[in-house]
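Quick notes on the structure that follows.
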Amino acid sequence: MVQPKSPLSVFYDGACSICAREIAYYRKLDGEGHLRLVDISDPSFEPSNHGPTREDFMAELHVRDASGHFFRGVDGFAAIWRVVPGRPFRLMALLIQIPGIHFLATLGYRVFARLRKYLPSREGGCADGSCGLGHPRRDK
């Protein structure tokens, strides 16, 4: 895996309650400003400013490092783990790159990514349908 160059832009689905919770955890750990968090479900998010399409961004986690290199899916998590403080994260980043573990983690992540639209969304998340993922709308 290419060593990511900080800061990382982390493109995440803020309408997904599980995704938002995990990103909030990384936000809390990132006291040194290694992560720039971008909620792709925000109506003001414009994917054309970043390269991939909205569908690409919604299909899986995207992380772009300071040199413009994209890490997607499981490799995106590994990139995050390489820059957030803590030895356990660096160890997880190394372990997830082991071929058999990487294959299984990628498979598991792909299943999650396809099923996440059926999971409860955050209150008000994607209420205007801007994310295009098909999150169930919440009636107020």
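The GluC sites (Glu not before Pro) of the stretch 1-65 that meet both conditions, a loop assignment by DSSP and at most 16 other Cβ atoms within 10 Å of the site Cβ, are E32.
How many percent of the accessible area of the stretch 1-95 is carbon or sulfur, using a 1.4 Å probe? Mind showing how you got there, number by number?
Working: 2550 of 4740 Å².
Its accessible area is 54 percent carbon and sulfur atoms.
Mean sequence separation of contacting Cα pairs (under 8 Å, at least six apart), scaled by the length of the stretch 1-84, corresponds to a relative contact order of 39 percent.
The label point for R36 and the one for H69, both projected 7 Å from the Cα toward the Cβ, are 1.8 nm apart. Helix-only arithmetic for the chain: the sum of -39500 (n - 2.57) across DSSP H runs with n ≥ 4, divided by the residue total, places the mean residue ellipticity at 222 nm at -12000 deg cm²/dmol. For the pair S44 and L115, a Förster radius of 22 Å applied to the C-beta separation gives a FRET efficiency near 0.20, rounded to the nearest 0.05. Taking a quarter of the surface of the Cα convex hull of the stretch 1-68 gives a mean projected area of 5.0 nm².
Leaving ligands, DNA and RNA out of it, rank S121, S6 by accessible area with a 1.4 Å probe, largest first. Walk me through the numbers before you get to the answer.
Working: S121 10, S6 55 Å².
Order by accessible area, largest first: S6, S121.
The values are calculated or read from the model by the stated rules, or taken from the named source; none is laboratory data. As the structure is a computational prediction, the values presented were derived from the model and not from experiment. Glycine also receives a Cβ, built like all others from the backbone with ideal geometry; neighbour counts cover every protein chain displayed. In case anyone asks, the SASA skips ligands and DNA or RNA and just uses the protein heavy atoms, side chains included. Shrake-Rupley method; radii C 1.70, N 1.55, O 1.52, S 1.80 Å.
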